[in-house]
Amino acid sequence: MKQPHTPKRKPAQNQAQKQTQTRHILTGADNALPTQHIWHEGSGYSIYAAEQPRSSWHEHSHDCVQVTIGLEPAHVQATWSGNARPGGQRELTGNIVSIIPAGEPHSTLWQRRATLIHLYLTNDLLAETASRLHHPKPVKLRPIYLARDLFLEELGRTLFRECHGQHPCSLIADATVTLLTAHLLRTYTTDAAPTDAPPTGGLGPTRERRIREHIEQFLDQDLSIHALARIVAMNPQYFAHAFRLTTGFTPHRYVSHRRISRAQQLLTETTLSLSDIAYQCGFKSQGQFTTLFRQLTGTTPGKFRST
């Protein structure tokens, strides 16, 4: 008697396999992701946020737009081999932004630890945002590697603060990504004027690297404009102007951000008292530390440590 045919079931994918397939950040990764990273899936986008150690991604491409925002103290090498344009390579220290269209082969080496935000934007999200902006179609972004964009950097900081130790609030993440996508369409489409030319009249690579390294090493000491200008043998007024051209920040604001960043690290990784952290980060008092910490992060050091 002929047995009835029973169709074979396809093996079900386990949860880990499904997760791996959705995480674009794993494509091309040569190193394991840091344990404390955040991965958030939104409507038409994904976010990866981490204090990224030295790591690399070999040549790869995506079927979506990748936006990379690297904050202090990033030191990055990027290589690309565009399908319809010459390949190239670039290296930059400091805050960086890369905008990589779908299908663009590229590789990246992060030479040192950095605050890293990766955003993956679908074509549907770009098209929807373009329609709301009444932007001409089709939407086509220019590839940008290791440029500086102060607006994108601030949006990256906003997302990183929102992701710190937890998954972001969807309302805030959606709004921030929408604003970021609108900025991309207004600034980096093929019909927009190029904006990634390096600034002129700045510190220059050697002086910039020397100043950044000095600040990181001596956050607990005098980092006034006059003290920093002496490090690179420059007139204080000209130094302040050149520093802002190079970094997009005044020296005072840059130092403030670095001190708060170091304080966040100490709050997370040590059991030092708030007063000890304040003095190690160069603040004259715990009160001054708390005031600036709240201004830049939206919370107090104590609440930050307890989350």
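Which ranges mark the helices (runs of 4 or more DSSP H) fully within region 213-300 that have 2 or more residues being under 23 Å from A74 (Cα atoms) and more than 22 Å from the chain's Cα centre (by Cα)?
Output list reads 225-231, 236-247.
Go over the candidates A49, A74 one by one and state the one that is over 22 Å from T189 (Cα atoms), surrounded by 22 or more Cβ atoms within 10 Å (Cβ to Cβ), modelled with pLDDT under 90 and not hydroxyl-bearing (S, T, Y). Just a single option satisfies the conditions, and that option is A74. A Cβ distance below 9 Å, combined with a sequence gap of six or more or placement on separate chains, defines the contacts here; from region 225-250, residues that are more than 18 Å from P205 (Cβ to Cβ) reach residues that are of a type in the set (S, T, Y) and not in a helix (DSSP H, G or I) in the pairs I225/T250; P236/S224; A240/T250. Restricted to region 279-304, and to residues there that are without any contact (Cβ under 8 Å) to a residue 40 or more places away in the chain and over 20 Å from R161 (Cα atoms), the residue that is surrounded by the fewest Cβ atoms within 10 Å (Cβ to Cβ) is K284. State all residues of region 162-181 that are assigned to a helix (DSSP H, G or I), among the polar types (S, T, N, Q) and loosely packed, with under 14 Cβ neighbours inside 10 Å; if no residue qualifies, say none. The answer is S170, and nothing else.
The values are calculated or read from the model by the stated rules, or taken from the named source; none is laboratory data. Model, not experiment: these values are computed from the prediction. Cβ sites come from the backbone with ideal geometry, for glycine too, and all protein chains shown count toward neighbours.
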